[in-house]
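Quick notes on the structure that follows.
The values are calculated or read from the model by the stated rules, or taken from the named source; none is laboratory data. All of these numbers come straight from a predicted model, not from anything done at the bench. Positions of Cβ are backbone-derived with ideal geometry, glycine not excepted, and every protein chain shown enters the neighbour counts. Areas reflect the complete protein model, heavy atoms only, side chains present, ligands, DNA and RNA absent. Shrake-Rupley method; radii C 1.70, N 1.55, O 1.52, S 1.80 Å.
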Amino acid sequence: MGCFVPKVSIIIPCWNSEAYIEDAISSCIEQNYPNLEIIVINDGSTDLSGDIINGFGDRIRSFHLPNGGANKARNIGISKATGQYIKMLDADDMLEKECIQKQVHCLSGLGENQIGYGQHREIDSYGHFLGVEHSVQIGRVIDLKHLMKRGLLISLPLYPRSALLKVSGFDERLRSRQEWNLHIRMSLHGYLFKECDVSCFRQRHHASPFRISNRSPAPADEFKNLSEAIEPLKNIADPEICELLALRFWSVGRWYAIKNPSWAKEFFKAAKEYDDRNFFDLLPHLYVKILRYSNPFIAEIADRLLKKMFIL
């Protein structure tokens, strides 16, 4: 009697990624796993992405749709998937060669309601490794509070499809922090994330305006996005959760402190609505020392100058 091999669906949303989508799809086709389907959602691309996707023929399942955003595309992919497990991959990234086989193998070592995740490597636009080292703690289990401090990239876990359906997939309102929000909601439903000894994917860094992390949202949009991302946590009466929410708003306020002081004040104000002072213990020590004798704007300028002068 043969061993049961669970089916894995790889979902790739694509929006104007003609330079990289072929590499992404090819990295999935080259997997050495026997029970696999590759779903590519062309999210209203206006470049040659659609033609490149069609060139793969029946080796993949492709859907060409009007632009609705990456999260809607991912949710459509989940609805079309027939696999027991789902792997997410962005159109400009690449899976490591034995990623799926190794992650499925790790399933046997997971406890009930545990989701396995691995590590990644960073590459430049040409596919050259950037030499960035990421800490590895095999066996570490990440719960809600850990997730709030340290997000997991979307292509690291191998998700049970049932778990994604239980939390209704991705929040389609969000334009950033979508994986942070997803993993928090999964954690609130009782799921834990366990680190496995698997190199999952290669994250590509490039200057394209179509890469989400290269965009600078307007402060009002950023405030709205963050407020929506933390909605699942708003009614939890836990002082540590409140501190972490305050830290999240304060950290974004620091980013705007020099560029847009008026909006920085809004983020600082929101932070103090969650926790008035205790979260300062979670901020960098030097910054807090300066902050005690000044205001957030002077502290930010001084902290940046000191780091630049002394490379702290």
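Could you run through segment 28-73 and say how many residues are in a helix (DSSP H, G or I) and crowded, with 20+ Cβ neighbours inside 10 Å? Let's see the steps before the verdict.
Applying the first criterion (in a helix (DSSP H, G or I)) to segment 28-73 yields 28-29, 49-54, 57-59, 70-73.
Retained after the next criterion (residues that are crowded, with 20+ Cβ neighbours inside 10 Å): 28, 49, 52-53, 70-71, 73.
Residues in segment 28-73 being in a helix (DSSP H, G or I) and crowded, with 20+ Cβ neighbours inside 10 Å: 7 in total.
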Requested in this report: Of all residues in segment 273-297, count the ones that are closer than 21 Å to LYS308 by Cα and either open to solvent by less than 80 Å² (accessible area, probe 1.4 Å) or in contact (Cβ under 8 Å) with a residue 24 or more places away in the chain (or both).
Outcome: 11
Report task. Could you grab me the full set of residues in segment 171-187 that are open to solvent by less than 10 Å² (accessible area, probe 1.4 Å) and within 17 Å of PRO13 (Cβ to Cβ)? Result -> LEU174, ASN181, LEU182
Report summary line: SER125 meets each of (1) under 14 Å from the mean Cα position of the chain (by Cα); (2) open to solvent by 30 Å² or more (accessible area, probe 1.4 Å); (3) small (Gly, Ala, Ser) with one exception, condition (1)
**Report entry** Number of the condition not met by PRO239 [criteria: (1) open to solvent by less than 90 Å² (accessible area, probe 1.4 Å); (2) under 30 Å from HIS189 (Cα atoms)]
**Finding:** (1)
Report task. Those residues that are farther than 15 Å from GLU179 by Cβ and either surrounded by 14 or more Cβ atoms within 10 Å (Cβ to Cβ) or β-branched (Val, Ile, Thr) (or both), I need them from segment 74-88; list them, please. Result -> ILE76, LYS80, ALA81, THR82, GLY83, GLN84, TYR85
Query raised in the report: When both residues are 6+ apart or on different chains and their Cβ atoms are under 8 Å apart, which pairs have a first residue that lies in segment 129-143 and is farther than 17 Å from SER187 by Cα, and a second that is β-branched (Val, Ile, Thr) and modelled with pLDDT of 90 or more?
Result: PHE129/ILE123; LEU130/ILE123
Query raised in the report: Out of all the residues in segment 104-114, is one or more at pLDDT 95 or above, within 26 Å of SER17 (Cα to Cα) and open to solvent by less than 50 Å² (accessible area, probe 1.4 Å)?
Result: no
Report task. Output yes when any residue across segment 204-224 is under 14 Å from the mean Cα position of the chain (by Cα) and modelled with pLDDT of 95 or more, and no when none is. Result -> yes
Report summary line: Considering segment 252-311, residues that are under 17 Å from PRO219 (Cα atoms) and among the small types (Gly, Ala, Ser), and then whichever is nearest to the chain's Cα centre (by Cα), we arrive at GLY253
Report task. Inspect all residues belonging to segment 19-38 and state whether any of them is of a type outside the set (Asp, Glu), over 21 Å from ILE115 (Cα atoms) and touching a Gly at 6+ places or on another chain (Cβ under 8 Å). Result -> no
Query raised in the report: Across segment 1-21, which residue is nearest to the chain's Cα centre (by Cα) among those that are in a loop (DSSP other than H, G, I, E, B) and closer than 23 Å to TYR33 by Cα?
Result: TYR20
Query - Extreme residue, nearest to ALA229 (Cα to Cα), among residues of segment 144-154 that are in contact with a helix residue (DSSP H, G or I) (Cβ under 6 Å, 6 or more places away or on another chain) and in a loop (DSSP other than H, G, I, E, B) - result: GLY151
Query - Residues satisfying the stated conditions in segment 98-133, i.e. in contact with a strand residue (DSSP E or B) (Cβ under 8 Å, 6 or more places away or on another chain), over 15 Å from ALA24 (Cα atoms) and charged (D, E, K, R) - result: LYS102
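Just to be sure before I move on: is GLY190 buried (at least 18 other Cβ atoms within 10 Å of the Cβ), over 30 Å from ILE29 (Cα atoms) and out of contact with any strand residue (DSSP E or B) (no Cβ under 6 Å at 6 or more places or on another chain) in the structure I sent? Lay out the reasoning, then the answer.
On the way: buried (at least 18 other Cβ atoms within 10 Å of the Cβ): no; over 30 Å from ILE29 (Cα atoms): yes; out of contact with any strand residue (DSSP E or B) (no Cβ under 6 Å at 6 or more places or on another chain): yes.
No.
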